[in-house]
Amino acid sequence: ETVVRLTGVGKAFAGDTREVRALDGVSFDVPAGQFVALLGPSGSGKSTLLQLLNGLQKPTSGVATVLGVDPSSSGKAELRALRRQVGFIFQDFGLVGMRSVLENVCSGALGRLRGPRSGLLMYPRGLREQALAQLDRVGLADQAFQRTDTLSGGQQQRVGIARALMQRPRILLADEPVSSLDPLSSQQVMELIADIGRTESLTTVCTLHQVDTALTWADRVIGLNTGRVVLDSPTADVRDTD
Ligand code: ADP
Ligand code: ADP
C-alpha cells in the first residue's frame, strides 16, 4: 500500500525580486510502515514538503496524495478526517509551557487546548486515562502533573510525541524533531520515534539535517537540495560520504 505519493510536485513562492522554487519536480512514493528521513540543508524545501502533506500548503504543480487523498483539493471535512490520521511533531515541540504535561497530551485528541482557565478536569476521564497511557509509553508518567516548561527539551519532545499519538494516527510527520536537542536527548527521541513507528506500523516522514542521525534510524533517506531530490536510497546502501 502506498501511503504518500508525490508526482512531479513543485512549489513556488513569490520572492522580492524573483520566484523562489521551494520544491521542483519532486516525485517519490512511501509504502506503508516505512520510516523515511528527509535530509537536506536549511532552505532545501523540507518543511514545505511536510506542509504539503498536511494540507497547510498547496503545490503549484504536480500532485501530492496522502492515503489516496489530495489535501489541496479536499473539502474541510475531508481534510479534517485526513489530519486525524496524521500525527505532527514539531521542532519547537508546539506545547503550552504553562499548562500541565497531561493537558498538553490530552489536547492531541481534540486538536487544541480547552479554554484558558478550564484545567484538566474539563477533559473526560477516558481521555485523561488514554493520555496517561501515552505518557507511560514515552517514559513520562511521573511528570504528568508537572508544568510542561519545567521539563527538559528531550522530555518536552517526548510529550509532543505522546500528544501526536493521541489521535491514533497512521502517519507521523516530524519536522526537525531533534535539531534543538543535545546528542543524548536526540538519540532517545529518535529511538522512540523509530520504535513507535515499528510497533504501531506507522508510516513516518521525518526531516533531519544530520546525515548520521538519518542513517542510524531511518529505513530510507531522501536527500533534497534546492527543492530537488538528489538522493533516494535505502539507508543500508548509503555511505556517510554520499
Ligand atoms: P527547509 O525546511 O529545508 O529549511 P523550507 O521548506 O522552509 O526549507 O524553505 C524552502 C525555500 O522556500 C526557502 O528558500 C524558503 O525561504 C522558501 N519559503 C518557504 N516558505 C516560504 C513562504 N511561506 N514564503 C516565501 N518563501 C518561502
Ligand atoms: P525551517 O528550518 O523549519 O525551514 P524556517 O525558519 O526556515 O524553519 O521557516 C519557518 C517557517 O517560515 C516555515 O513554515 C517556512 O515555510 C516559513 N518560511 C521560510 N522561509 C520563508 C520566507 N522567505 N518567507 C516567508 N515564510 C518563510
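Identify, from the list GLN57, GLN91, the residue that is more than 26 Å from VAL105 (Cβ to Cβ) and either of a type in the set (Lys, Arg) or within 18 Å of the chain's Cα centre (by Cα) (or both). The match here is GLN57. In the stretch 44-60, the residues that are without any contact (Cβ under 8 Å) to a residue 24 or more places away in the chain and under 15 Å from GLN91 (Cα atoms) form Cβ pairs under 9 Å with partners that are in a loop (DSSP other than H, G, I, E, B) and within 10 Å of ligand 1 (Cβ to nearest atom), at six or more places apart or across chains, as follows: GLN51/GLN57. Contact map, the stretch 10-37: first residue free of Cβ contacts under 8 Å to residues at least 40 places away in the same chain, second residue more than 13 Å from ligand 1 (Cβ to nearest atom) and assigned to a strand (DSSP E or B), Cβ cut-off under 8 Å, separation 6 or more or different chains; pairs are ASP29/THR2; ASP29/VAL4; ASP29/ARG5; ASP29/LEU6. Mind listing whichever residues of the stretch 151-187 are free of Cβ contacts under 8 Å to residues at least 60 places away in the same chain and surrounded by 18 or more Cβ atoms within 10 Å (Cβ to Cβ)? Scanning the stretch 151-187 gives LEU151, GLY154, GLN155, ARG158, ALA162, VAL178, LEU181, SER185, SER186. Just one of the numbered conditions (1) within 16 Å of ligand 1 (Cβ to nearest atom); (2) part of a strand (DSSP E or B) is not true of VAL63: (1). Selection of the stretch 69-108 for residues being assigned to a loop (DSSP other than H, G, I, E, B) and either among the basic types (Lys, Arg) or touching a residue at least 12 places away in the same chain (Cβ under 8 Å) (or both) yields SER74, GLN85, PHE90, GLN91, ASP92, PHE93, GLY94, LEU95, VAL96, GLY97, MET98, ARG99.
Any idea which residue in the stretch 1-21 is surrounded by the fewest Cβ atoms within 10 Å (Cβ to Cβ), counting only those that are over 21 Å from ILE89 (Cβ atoms) and of a type in the set (A, V, I, L, M)?
Of the residues in the stretch 1-21, the ones over 21 Å from ILE89 (Cβ atoms) are 1-2, 5, 7-21.
Next, from what is left, pick out any that are of a type in the set (A, V, I, L, M): 9, 12, 14, 20.
On the way: VAL9: 23, ALA12: 16, ALA14: 7, VAL20: 16.
Only one residue tops the list, namely ALA14.
For the stretch 20-49, filtered to residues that are outside any strand (DSSP E or B) and more than 12 Å from ligand 2 (Cβ to nearest atom), the residue that is nearest to VAL178 (Cα to Cα) is GLN34. What's the total number of residues in the stretch 144-177 that are in contact with a Lys or Arg (Cβ under 9 Å, 6 or more places away or on another chain), part of a helix (DSSP H, G or I) and among the polar types (S, T, N, Q)? Looking only at that region, the number is 1.
Residues of the stretch 41-60 that are more than 17 Å from VAL221 (Cβ to Cβ), out of contact with any Asp or Glu (no Cβ under 6 Å at 6 or more places or on another chain) and within 8 Å of ligand 1 (Cβ to nearest atom): SER42, GLY43, THR48, GLN51, GLN57.
The listed residues are SER233, SER201, and the only one of them that is away from ligand 1 (no atom under 16 Å from the Cβ), on the phi > 0 side of the Ramachandran plot and of a type in the set (S, T, N, Q) turns out to be SER201.
Residues are listed down the side, and each one gets a yes or a no for (1) at pLDDT 95 or above; (2) closer than 25 Å to LEU82 by Cα; (3) out of contact with any Gly (no Cβ under 7 Å at 6 or more places or on another chain):
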| site | (1), (2), (3) |
| --- | --- |
| ALA133 | yes, yes, yes |
| GLN146 | yes, no, yes |
| ARG168 | no, yes, yes |
| LEU172 | yes, yes, no |
| ASP175 | yes, yes, yes |
| GLU191 | yes, no, yes |
| CYS206 | yes, yes, yes |
| GLN210 | no, no, yes |
| ARG239 | no, no, yes |
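Within the stretch 109-131, the residues that satisfy the criterion of being in a helix (DSSP H, G or I) and at pLDDT below 85 are ALA109, LEU110, LEU120, LEU121, MET122, ARG125.
Filtering the stretch 217-242 to residues that are outside any loop (DSSP other than H, G, I, E, B), surrounded by fewer than 16 Cβ atoms within 10 Å (Cβ to Cβ) and among the hydroxyl-bearing types (Ser, Thr, Tyr) leaves only SER233.
The values are calculated or read from the model by the stated rules, or taken from the named source; none is laboratory data. The model shown is predicted, which means the values in this text are computed figures rather than measured ones. Glycine also receives a Cβ, built like all others from the backbone with ideal geometry; neighbour counts cover every protein chain displayed.
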